[in-house]
1. Here are some residues: 25, 29, 47, 37. Which one is crowded, with 20+ Cβ neighbours inside 10 Å and over 17 Å from residue 82 (Cα atoms)?
2. I'd like the full set of residues that are in contact with a Ser or Thr (Cβ under 8 Å, 6 or more places away or on another chain) and over 18 Å from residue 149 (Cα atoms), limited to segment 168-188.
3. Every residue in segment 288-298 that is in contact with a helix residue (DSSP H, G or I) (Cβ under 7 Å, 6 or more places away or on another chain), assigned to a helix (DSSP H, G or I) and either open to solvent by 10 Å² or more (accessible area, probe 1.4 Å) or modelled with pLDDT of 90 or more (or both), please.
4. Take the residues in segment 219-244 that are within 19 Å of residue 255 (Cα to Cα) and assigned to a helix (DSSP H, G or I), then tell me which one is modelled with the lowest pLDDT.
5. Taking the criterion of being touching a strand residue (DSSP E or B) at 6+ places or on another chain (Cβ under 9 Å), surrounded by 14 or more Cβ atoms within 10 Å (Cβ to Cβ) and at pLDDT 90 or above, would at least one residue in segment 266-275 satisfy it?
6. Does segment 73-113 hold any residues that are open to solvent by 80 Å² or more (accessible area, probe 1.4 Å) and closer than 16 Å to residue 136 by Cβ, and which are they?
7. How many residues does segment 180-192 contain that are at pLDDT below 95 and either buried (at least 22 other Cβ atoms within 10 Å of the Cβ) or in a strand (DSSP E or B) (or both)?
8. Filter segment 245-259 down to the residues that are touching a His at 6+ places or on another chain (Cβ under 9 Å) and part of a helix (DSSP H, G or I), then identify the one that is nearest to residue 186 (Cα to Cα).
Amino acid sequence: MTAHEDDPHRLVSAAVVVGVDGTPAAHSAIRWGATVAARRGRRLILAYGMNSTPAKTWLVAYQPMVDEAVQTLKIHGEQVLATGTQVAREAAPGVEADTLLSEQSPAKMLIGLSESAHMVVLGSRRSGAVSHLGSTILAVAAHGRGTIVAIRENGEEITSGPVVVGVDGSPVSDTAVVAAFAEAAERETDLVAVHTWSDLTFTEFASTGLIEIPAEDLQTAEQAVLAERLAGWQQRYPEVTVQREVYPSTPAQHLREWSERAQLVVVGSRGRGGFRGLLLGSTSQSLIQHSACPVMITRPA
């Protein structure tokens, strides 16, 4: 058995899945996903969720209208997928692109596909709105498996700048570190590891007892924590130059700032409970809504 045979996301059969809805944001996601799929020799699946259940529920007493409504949704979905296929082939002419039209909601469909996908890619607007996909991107990032990537509207494949990874010292961020090293190596670029001592804002941080500890002592201790988290992976990827950045607080703010000069930001999804916002984590949510470059959110397989 090879090192990745027990990881469904690393199998040769694992495809790059892109959620589509016909919007410019989704087209940006298609172009990014098609480029990645072509570069890695993977299939591309363009997936559209019709979300036909509401129509069937509302019109349950009027079966002819149900059939007409579902057919209308199907025709629209087929048109969206046909346009998406054309966008993919223009971005990566040699890519093998398949389509999937599902009656499920986009979120349920993509969460299911994430179980075996190499990655799931979704488009988002910088304001945080995601049109037809609605809160799909937050739901998939919170409840999907493997790797979820959020692509800015009109944010084509960025090939300059480092890969940036958020490291908080937790096992969840270790998953992000693994992915970030692999991405930096494949892209032949540097890796910037951003570590913060606290997820408080600076004002909150300054009001805690931590501020009584000499700053230089905290800086030294947290540099050591970061070095420990990176050590094994630096040995595995000696070709990747690593820059370490340590800050006292506000991880989302620093990662957003780094996104302005990065080609990819990688973070781990932190589970704190059953509520979607807490399950996803405020840093991940902030980056999905405001990052200037693609955001990769890693979750356990």
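1. Values: 25 fails: over 17 Å from residue 82 (Cα atoms); 29 fails: over 17 Å from residue 82 (Cα atoms); 47 fails: over 17 Å from residue 82 (Cα atoms).
Just a single option satisfies the conditions, and that option is 37.
2. 168
3. Our first condition is that a residue be in contact with a helix residue (DSSP H, G or I) (Cβ under 7 Å, 6 or more places away or on another chain); within segment 288-298, this holds for 288, 290-298.
Now restrict to residues that are assigned to a helix (DSSP H, G or I): 288, 290.
Of everything in segment 288-298, just one residue is in contact with a helix residue (DSSP H, G or I) (Cβ under 7 Å, 6 or more places away or on another chain), assigned to a helix (DSSP H, G or I) and either open to solvent by 10 Å² or more (accessible area, probe 1.4 Å) or modelled with pLDDT of 90 or more (or both), namely 290.
4. Just the residues of segment 219-244 that are within 19 Å of residue 255 (Cα to Cα), to begin with: 219, 222-223, 225-227, 229-230, 241-244.
Then keep just the ones that are assigned to a helix (DSSP H, G or I); that gives 219, 222-223, 225-227, 229-230.
Details: 219: 68, 222: 77, 223: 82, 225: 79, 226: 86, 227: 86, 229: 82, 230: 90.
Selected residue: 219.
5. First, pick out the residues of segment 266-275 that are touching a strand residue (DSSP E or B) at 6+ places or on another chain (Cβ under 9 Å): 266-269.
Imposing the further condition that a residue be surrounded by 14 or more Cβ atoms within 10 Å (Cβ to Cβ) reduces the set to 266-269.
After this cut, where a residue has to be at pLDDT 90 or above as well, the list is 266-267.
Checked segment 266-275: at least one residue is touching a strand residue (DSSP E or B) at 6+ places or on another chain (Cβ under 9 Å), surrounded by 14 or more Cβ atoms within 10 Å (Cβ to Cβ) and at pLDDT 90 or above.
6. If the condition is that a residue be open to solvent by 80 Å² or more (accessible area, probe 1.4 Å) and closer than 16 Å to residue 136 by Cβ, then 103, 108 are the ones that fit.
7. Total meeting the criteria: 0.
8. Taking segment 245-259 and keeping what is touching a His at 6+ places or on another chain (Cβ under 9 Å), we get 245-247, 251-252, 256, 259.
Okay, now just the ones that are also part of a helix (DSSP H, G or I), so 251-252, 256, 259.
Values: 251: 26, 252: 25, 256: 23, 259: 19 Å.
By that ranking, first place goes to 259.
The values are calculated or read from the model by the stated rules, or taken from the named source; none is laboratory data. These figures come from a predicted structure and were not determined experimentally. Please note: Cβ atoms are built from the backbone with ideal geometry, for glycine as well, and neighbour counts cover all protein chains shown. Only protein heavy atoms, including side chains, enter the accessible area calculation; ligands, DNA and RNA are left aside. Shrake-Rupley method; radii C 1.70, N 1.55, O 1.52, S 1.80 Å.
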